Amino acid sequence: MNSKALAQPPHSKAAGGGPLSPRAVSRRSDEPAPSANPAAPRYDGVAAARFLRSLQILVRAVRLYQRNHPQVTESLEAAERDLRAVFQQLAVLSIGVERDALTIAARESAGGQYSLPDPRGELRGLADTLASAGVRSLTFLPRTNLGELALLAAAIEATCRLAGQSRGGRNAAGRDWPAWVSEHRVTGIRVNARIERSDDTVLASLLGALLGLDPATAAAPRASLESTADQVRAALQFLAAAAPRLEQAQQNPTPEAARAVHAELASADPHTQSMLARYAVLEPPREGDTLHSYLDRLSDALVVSHMHQEYLSGRTRPSEVRLLLAQLHAGAERHGGAEEDVQIESRIERFWATLPARETTRVLASPDAWCVPVLVLRRYLERLIAAADTKRAEASGREARRALADFARCIESEESKARRAVAAGLVELSDVTERLWPCPQLADLGRRVVAALARETSPGIAGLLTATVENLARLGLAGNHFAEVERILNELDKAPQDAEHIATLARRIVAQESWLALVDVALDHRPLDPVLPRLLRRDPERLVDRLSLLLTSPEGITALAPMARLVRAAGEPVLGTLESHLTEPRRQRTATAIKFLSAVAPERLAAALPRAFAGWEWALQDLAVSELARRPNAALRMQVSEALLATLTEAHLIVVPGMLDHIALAGDAASIPRLMQIAAGEVDRLRDVFIRIKAVEALGHLRAMEAASLLRDLVRQRSGLTYVEPSGLRSAAEEALALIENRPGSARLRAAKEAVEKSSASFPRPRRYLRVPLSSPLAAVIEGSHAGPVKVHSLSLGGASIETAIPLTVGDSFRIEIHAGLQRIRSTAVVRNITPTNCGIQFVHMKPEDREKLRRRVYKLLN
């Protein structure tokens, strides 16, 4: 960026181009001489408006980003380029801040001060920012450089921020701008410097001549003076024709200028003279007024007064105000293009802003509410809201909500101009809507806007309505008004299926960030809003994927309860999606489905086991069995027992012992024949001795009399001098037979069973075996990936409680060797629960000799 180019003096050709009726100023020694060409074309102000827009973006970038951020650098360079473009047309750029508007005073030729073209009202924000910072005028000289622009933007932003913190109001800044300019040695920018003008004499002569034309009218300016549209148009045409000649008169000596003013007024018809004299009193000059700005204001007063006259007499309806003003403006004004549009809008706003308040209230309550300009409506609503906030005037708040509702209701109008005005107004009033919505008076706002969007055929209006719907949805999500968001989405669902833009809008409303926020709120530790599950189940796949991801986080286990609560409240189709994930090839999805279904709908998980169980790896099978075993419902236990019995041959050998335990605890008598086959070793895949021992124990737990003969054979069968079956299996069969036949010697076994049943009452998962606390811990060693020493604090035939510094999680499996005196008991174990001090493990497999060692050790401890 070559900042030196900005300091170059403008080309002589550019200096000769006249600005938009520029006002003459006394030349300073450090400024270029102004052009003396009175016929130079007026400067249109477009380049200056572009520069000020760049300045506004620069101030905003300074507020939002750090000093060296690329966005600040880019904005600063853009402002420099646009200012250099202004200097190609003007020698000096002088900007005045007036009533939420910016005016330009160019110095190359005689003339006045003009409002900058701002058809979309973008510069009003900059005018408000400058006024808040205490800036009344800015003058930019050609030597303005990049650093001075950066200093100015930073100072404006800092002053506005301090002003807002200290007083919270406009014009609250206390910076001494001339001192700031001197302190920072800024030579190219002047702040709040008075611009000397040479048109004061002509303006004074004009006022004197006007007041002397009709002394009676001047003495009583508010006396009735009826004027027709033609008479008002004639007065406007006179002012438009006289303005260039009066501006030219500014170059003449004072006596000649005065004579020119009187001669110009003498050429007007008497009614025009009376009107001008009257409004000269009603609209006196203001500080900083130039000839041009005063004539513009005088024209505005003529037009607005006539419009009031026609409107209040009933000859003009609200919807005809714009048409009447355009007719008055046609052929009577000297402006054109964007400036003409700005002037028309300004007069419309002034018309409505100066109407009696009761009339504005009446119009806002009628089908013509759309005719009220958005700026006027904003001021009307903000006054009511301020009264409701500061004075606790609830009636004012109700009136504000009613007015906004009546305005929004016009979106259903058959006239496209009415729909466009309301749609644009709702977009511009989004910040006001945020303070009023939702409420009973605006309960159907979202429905009306969506319905209007579905009917709209104009792409421009549809775009505005889409922005309004998105804004309402955003406000609803931000304020936790989920019922309003649901109402909007339901209305969007009713739209025609071929309306792709509506379907896209519905997807955007619950886009990624919004969706994540909904899930987070639903999982928060507070009562669940019933609307949230209904919103989230609109996309069950995305909800399940999000919950699956959260379940893998470090806080996943603790968040399982609120997640299950959400799934339970969502119901279908989330449960159906989870059920379909049971056969997913992706392991994490299947694990998530198992956990949520076991917590929310375990009967559905049990019903799905026969078709899904065979396709799972052993860890998923074990997870399903262990989760279902935790459910205390008796009917569910029977259902799970039947499902497990049907899948025994498809289960991994490590999982089968836990399945047999559950079948035994369920008390399912129908399982006895199958258990007898397993105990006898007749099932090919289940001939492992440890599995047969589990089947024998299950028969004993079920008191299966029909298995007594089989158990006797297992105990007594010999092959020569040796027993056919291993000692561990024979011991288990002997104990099961004693329980079934209720032998006197089985009292110890029955007492142990009763103790287990009593202790199981306080646990979600019933125990099969009595756990024996150890007076002194046994040493043990974990082998494999979790290798390390552990201490065993309690022991049972089914598992143990261990203490270790090794980080373990529920579901981890490993080999463990317990040192019981000189004996070593080895087993494969799975972690079932974790407490701050201990881990509970289950023995899922061990060799017969190790099982016998464990049995003897436990019985020794019991005695």
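The values are calculated or read from the model by the stated rules, or taken from the named source; none is laboratory data. Treat the numbers as computed from the prediction; the structure is a model and nothing was measured. A quick note on method: Cβ atoms are made from the backbone with ideal geometry, for glycine too, and the neighbour counts reach across all protein chains shown. We work out accessible area using only protein heavy atoms, side chains counted, and drop any ligands, DNA or RNA first. Shrake-Rupley method; radii C 1.70, N 1.55, O 1.52, S 1.80 Å.
Here Asp289 fulfils each of the conditions (1) open to solvent by less than 20 Å² (accessible area, probe 1.4 Å); (2) modelled with pLDDT under 85; (3) in a helix (DSSP H, G or I); (4) not hydroxyl-bearing (Ser, Thr, Tyr) apart from (3).
Take Glu183 and decide whether it is at pLDDT 85 or above, over 30 Å from Pro285 (Cα atoms) and open to solvent by less than 40 Å² (accessible area, probe 1.4 Å).
On the way: at pLDDT 85 or above: yes; over 30 Å from Pro285 (Cα atoms): yes; open to solvent by less than 40 Å² (accessible area, probe 1.4 Å): no.
No, not satisfied.
Considering the range 375-399 alone, what residues qualify as being hydrophobic (A, V, I, L, M, F, W, C) and either at pLDDT 90 or above or part of a helix (DSSP H, G or I) (or both)? Before you say what the answer is, go through the steps one by one.
Initially, the range 375-399 is screened for residues hydrophobic (A, V, I, L, M, F, W, C), giving 375-377, 381, 384-388, 393, 395.
Selection gives Leu375, Val376, Leu377, Leu381, Leu384, Ile385, Ala386, Ala387, Ala388, Ala395.
Checking every residue in the range 796-809 against the condition of being part of a strand (DSSP E or B), open to solvent by less than 60 Å² (accessible area, probe 1.4 Å), at pLDDT 90 or above and more than 24 Å from Gly658 (Cα to Cα) gives zero matches. Counting only residues that are closer than 14 Å to Arg855 by Cα and exposed (fewer than 15 other Cβ atoms within 10 Å of the Cβ), how many does the range 810-825 have? Residues that pass the stated criteria total 2.
Kindly evaluate Val372 against the criterion of being surrounded by 15 or more Cβ atoms within 10 Å (Cβ to Cβ), in contact (Cβ under 8 Å) with a residue 12 or more places away in the chain and more than 19 Å from Glu434 (Cα to Cα). Talk me through it step by step, then tell me what you get.
Details: surrounded by 15 or more Cβ atoms within 10 Å (Cβ to Cβ): yes; in contact (Cβ under 8 Å) with a residue 12 or more places away in the chain: yes; more than 19 Å from Glu434 (Cα to Cα): yes.
Yes: the conditions hold for Val372.
Looking at the range 780-791, can you tell me whether even one residue there is part of a strand (DSSP E or B) and among the hydroxyl-bearing types (Ser, Thr, Tyr)? First the steps, then the outcome.
First, pick out the residues of the range 780-791 that are part of a strand (DSSP E or B): 780-783, 788-791.
Narrowing further to those that are among the hydroxyl-bearing types (Ser, Thr, Tyr): none.
The answer is no; no qualifying residue exists.
Would you confirm whether or not the range 455-466 contains a residue that is open to solvent by less than 40 Å² (accessible area, probe 1.4 Å) and basic (Lys, Arg)? No, the range 455-466 contains no residue that is open to solvent by less than 40 Å² (accessible area, probe 1.4 Å) and basic (Lys, Arg).
Among the candidates Ala150, Ala133, which residue alone is at pLDDT 85 or above and surrounded by fewer than 20 Cβ atoms within 10 Å (Cβ to Cβ)? Criteria check complete, one pass: Ala150. Has the range 569-580 got at least one residue that is over 30 Å from Pro530 (Cβ atoms) and surrounded by fewer than 20 Cβ atoms within 10 Å (Cβ to Cβ)? Taking every residue of the range 569-580 in turn, none turns out to be over 30 Å from Pro530 (Cβ atoms) and surrounded by fewer than 20 Cβ atoms within 10 Å (Cβ to Cβ). Residue count for the range 695-737 under the criterion of being within 17 Å of Pro848 (Cα to Cα), open to solvent by 40 Å² or more (accessible area, probe 1.4 Å) and not charged (D, E, K, R): the result is 5. Is it the case that Cys410 is under 28 Å from Ala451 (Cα atoms) and either in contact (Cβ under 8 Å) with a residue 60 or more places away in the chain or under 29 Å from the mean Cα position of the chain (by Cα) (or both)? Judged against the criteria, Cys410 is a match.
Note on the range 518-550: residues that are part of a helix (DSSP H, G or I), open to solvent by less than 50 Å² (accessible area, probe 1.4 Å) and closer than 15 Å to Asn480 by Cβ amount to 9. Of all residues in the range 688-739, exactly one satisfies the criterion of being of a type in the set (Lys, Arg) and at positive phi, namely Arg703. Open to solvent by 20 Å² or more (accessible area, probe 1.4 Å), part of a helix (DSSP H, G or I) and out of contact with any Asp or Glu (no Cβ under 6 Å at 6 or more places or on another chain): does that describe Arg402? For Arg402, the condition - open to solvent by 20 Å² or more (accessible area, probe 1.4 Å), part of a helix (DSSP H, G or I) and out of contact with any Asp or Glu (no Cβ under 6 Å at 6 or more places or on another chain) - is met. Here Gly681 passes the criteria (1) modelled with pLDDT under 90; (2) part of a loop (DSSP other than H, G, I, E, B); (3) open to solvent by less than 50 Å² (accessible area, probe 1.4 Å) except the one numbered (1). From the list Ala263, Ala258, Ala234, Ala218, which one is surrounded by fewer than 20 Cβ atoms within 10 Å (Cβ to Cβ), at pLDDT below 75 and assigned to a helix (DSSP H, G or I)? Criteria check complete, one pass: Ala218. The requirement of being on the phi > 0 side of the Ramachandran plot and in contact with a strand residue (DSSP E or B) (Cβ under 6 Å, 6 or more places away or on another chain) is fulfilled somewhere in the range 769-785, by at least one residue. Would you mention how many residues in the range 596-645 are surrounded by fewer than 23 Cβ atoms within 10 Å (Cβ to Cβ), touching a residue at least 40 places away in the same chain (Cβ under 8 Å) and within 39 Å of the chain's Cα centre (by Cα)? Selection size over the range 596-645: 1. Could you say whether any residue in the range 471-480 is outside any helix (DSSP H, G or I) and over 18 Å from Arg419 (Cα atoms)? Yes: one or more hits.
Confirm whether Val655 is closer than 22 Å to Ser727 by Cβ and modelled with pLDDT of 90 or more.
Working: closer than 22 Å to Ser727 by Cβ: no; modelled with pLDDT of 90 or more: yes.
Here the answer is no, as Val655 does not meet what is asked.
Where residues in the range 775-794 are aliphatic (A, V, I, L, M) and within 55 Å of the chain's Cα centre (by Cα), which of them is surrounded by the most Cβ atoms within 10 Å (Cβ to Cβ)?
Going through the qualifying residues, I end up with Val790.
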